[in-house]
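Remarks on the structure that follows.
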Amino acid sequence: MVATSGQTDLRYTWKVTASSFLGNTLEYYDFLVYGTAAAVVFPKVFFPDAGGFVATLSAFGTFAVGFLARPLGGLYFGSRGDRHGRKSTLMITLVVMGVSTILIGLLPGYDTIGIWAPILLVVLRLLQGFAVGGEWGGSMIIVLESAPPHRRGFFSAWPNTGGFSAQILITLVFAYVYTLSDEQLLSWGWRIPFLLSAVVLVVTFWMRRSLHETPVFTKAVSGDSQPPGRGPIRRIFVDDWRNLLLIIGLRFAEALPYFLLTVFALSYGTGTLGLDKGQLNTAILIAAVLSFVSHGAFAALSDRIGRRPVYLFGAVVVFVMAFPFFAMLHSGSMVLIVLGYVLVLNVGHNAINAIQPAFYAELFPAERRYTGAAAGREIASIFAGGLTPFIATALAGEDGARWPLVAAYVMVGAAVTMFAVYKAPESYRRDLTTTGETVR
């Protein structure tokens, strides 16, 4: 049971937050390390018979495959979490994700097992996507439902920095990997980042075992019987379809710039502009470190003035910075490149990302919150996340000359998000124990 004293509750809230932060770090480390490898190594290891441009598209295609499995994971694990509890569901997603990533690190290349190499790579990528589809929603909700009502935006923002802490780990690991010769990199060096995920897996599994169910689940959901034939999956599509559409629109200004800057820009910057890989990784590292400050600030602000104003601000910044970022990237100046990353990621993206967990989860009643938040975000991931590197590469063209189309693509996505914010209800004062009602 949760102790009744406010002091003990707050300590437990920090414990839950730390556990979810580590779990989300593992999930995103596993998921994003694939994206870095897809940009730098996988075209040669798993698609050597294809030309350079086609091989890159193929590698980014397998990157996108993981996003196709995420909605299925969100629906399955979300429904399980709403019926049987947040904690046990998060234990399963953690193990599936960690084991899948380790197996990718052990997978032989095309030269060893032929066509089976890319086939098995796709299968393991699908498992990664299936697991991460359930992890995000659960790790955020278990914090949201354990936090003080007036600070739930602040606390739930920290697990969502897992993507940036994972990016820090990936950048540091690949900083070493990039020092290897091409022969070493292609034979065994690229496997190191995947195998290292075993360390985070063990630590997070140990921490997560000591958690218990949230007060909201215990009071409002546990033992609650859904109407006959109206489980959480069916109900979110029948009763909450408007909020699912809102989440899809809300994701564009967050997912597009993130995957553009952390995945596509690595390939475009090094392959087309001739920038040093270490230069771009340093820019990503700086933005990742600063994200902890910006997440805390934007999330705390949203607890005071609401989710919508902060979210809208972030979308506007992404819209305005689309073309200037490419100009900064083309300059080749390290100072301007870092500035571009900071403005787009720390000011624009982080204003959105910091409050996503609270904003999305607050749109759904308690008995289908996990299903709605997880499924909505992961369905949106197909359109706004996983296809970004592939679409951006195709739009830019083989020589990268059509980069203005990529910038316009980001602006359109940001505009969609601004419209979604306009249509979304304010949610920061909602009672999380409410059941049955659709939030509008």
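One residue is enough: does the range 64-71 have a residue meeting the conditions in contact with a Gly (Cβ under 8 Å, 6 or more places away or on another chain), at pLDDT below 70 and among the hydrophobic types (A, V, I, L, M, F, W, C)?
The answer is yes; a qualifying residue exists.
Please enumerate the residues belonging to the range 325-341 that are open to solvent by less than 50 Å² (accessible area, probe 1.4 Å) and assigned to a helix (DSSP H, G or I).
F325, F326, M328, L329, I337, V338, G340, Y341
If you scan the range 400-440, which residues turn out to be at pLDDT below 75 and either under 23 Å from the mean Cα position of the chain (by Cα) or of a type in the set (D, E, K, R) (or both)?
Scanning the range 400-440 gives E437, R440.
Residues checked against (1) among the aliphatic types (A, V, I, L, M); (2) open to solvent by 70 Å² or more (accessible area, probe 1.4 Å); (3) under 20 Å from N350 (Cβ atoms); (4) touching a residue at least 12 places away in the same chain (Cβ under 8 Å):
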residue: S146; (1), (2), (3), (4): no, no, no, yes
residue: N160; (1), (2), (3), (4): no, no, yes, yes
residue: I168; (1), (2), (3), (4): yes, no, yes, yes
residue: T171; (1), (2), (3), (4): no, no, yes, yes
residue: L180; (1), (2), (3), (4): yes, no, no, no
residue: E183; (1), (2), (3), (4): no, yes, no, no
residue: W188; (1), (2), (3), (4): no, yes, no, no
residue: L201; (1), (2), (3), (4): yes, no, no, yes
residue: E213; (1), (2), (3), (4): no, no, no, yes
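Mind checking which residues of the range 142-168 are assigned to a helix (DSSP H, G or I), under 15 Å from the mean Cα position of the chain (by Cα) and not hydroxyl-bearing (S, T, Y)?
Those that are assigned to a helix (DSSP H, G or I), under 15 Å from the mean Cα position of the chain (by Cα) and not hydroxyl-bearing (S, T, Y): A157, P159, N160, G162, G163, F164, A166, Q167, I168.
Could you go through the range 246-267 and let me know if any residue there is in a helix (DSSP H, G or I), open to solvent by 60 Å² or more (accessible area, probe 1.4 Å) and in contact (Cβ under 8 Å) with a residue 40 or more places away in the chain.
No, the range 246-267 contains no residue that is in a helix (DSSP H, G or I), open to solvent by 60 Å² or more (accessible area, probe 1.4 Å) and in contact (Cβ under 8 Å) with a residue 40 or more places away in the chain.
Whether any residue in the range 302-312 is over 18 Å from L343 (Cβ atoms), modelled with pLDDT of 90 or more and among the small types (G, A, S) is what I want to check.
Scanning the range 302-312 turns up at least one residue that is over 18 Å from L343 (Cβ atoms), modelled with pLDDT of 90 or more and among the small types (G, A, S).
Suppose we filter the range 68-103 for residues that are more than 22 Å from T435 (Cα to Cα) and open to solvent by less than 20 Å² (accessible area, probe 1.4 Å); how many remain?
Total satisfying the criteria: 11.
Limited to the range 346-383, what total is found for residues that are over 17 Å from N160 (Cα atoms) and either open to solvent by 10 Å² or more (accessible area, probe 1.4 Å) or not basic (K, R) (or both)?
Total satisfying the criteria: 10.
Testing P389 on (1) at pLDDT below 85; (2) crowded, with 20+ Cβ neighbours inside 10 Å; (3) outside any helix (DSSP H, G or I); (4) of a type outside the set (S, T, N, Q), one condition comes back false. Which one is that?
(3)
Just checking, does the range 425-439 include any residue being of a type in the set (A, V, I, L, M, F, W, C) and out of contact with any Pro (no Cβ under 9 Å at 6 or more places or on another chain)?
no
Just give me the residues in the range 3-18 being surrounded by fewer than 24 Cβ atoms within 10 Å (Cβ to Cβ) and either closer than 17 Å to L172 by Cα or at pLDDT 70 or above (or both), in sequence order.
D9, L10, R11, Y12, T13, W14, K15, T17, A18
Could you tell me which numbered condition K277 fails, if it satisfies all but one of (1) within 27 Å of W158 (Cβ to Cβ); (2) in contact with a helix residue (DSSP H, G or I) (Cβ under 6 Å, 6 or more places away or on another chain); (3) of a type outside the set (A, V, I, L, M, F, W, C); (4) open to solvent by 50 Å² or more (accessible area, probe 1.4 Å)?
(1)
Can you name every residue in the range 140-169 that is out of contact with any Leu (no Cβ under 6 Å at 6 or more places or on another chain), among the small types (G, A, S) and within 20 Å of E367 (Cβ to Cβ)?
Selection gives S146, A147.
Output the number of residues of the range 284-322 satisfying the condition of being open to solvent by 50 Å² or more (accessible area, probe 1.4 Å), more than 22 Å from A424 (Cβ to Cβ) and β-branched (V, I, T).
3
Which pairs turn up if I take residues in the range 85-104 that are over 17 Å from V203 (Cα atoms) and look for partners that are not in a helix (DSSP H, G or I) with beta carbon separation below 7 Å, at least 6 apart in sequence or on another chain?
Correct list of pairs: G85/E213; R86/E213; R86/T214.
The values are calculated or read from the model by the stated rules, or taken from the named source; none is laboratory data. Just so we're clear, the structure is a prediction, and the values are computed from it rather than from any experiment. Glycine also receives a Cβ, built like all others from the backbone with ideal geometry; neighbour counts cover every protein chain displayed. These area figures cover heavy atoms from the full protein model, side chains too; ligands, DNA and RNA do not enter into them. Shrake-Rupley method; radii C 1.70, N 1.55, O 1.52, S 1.80 Å.
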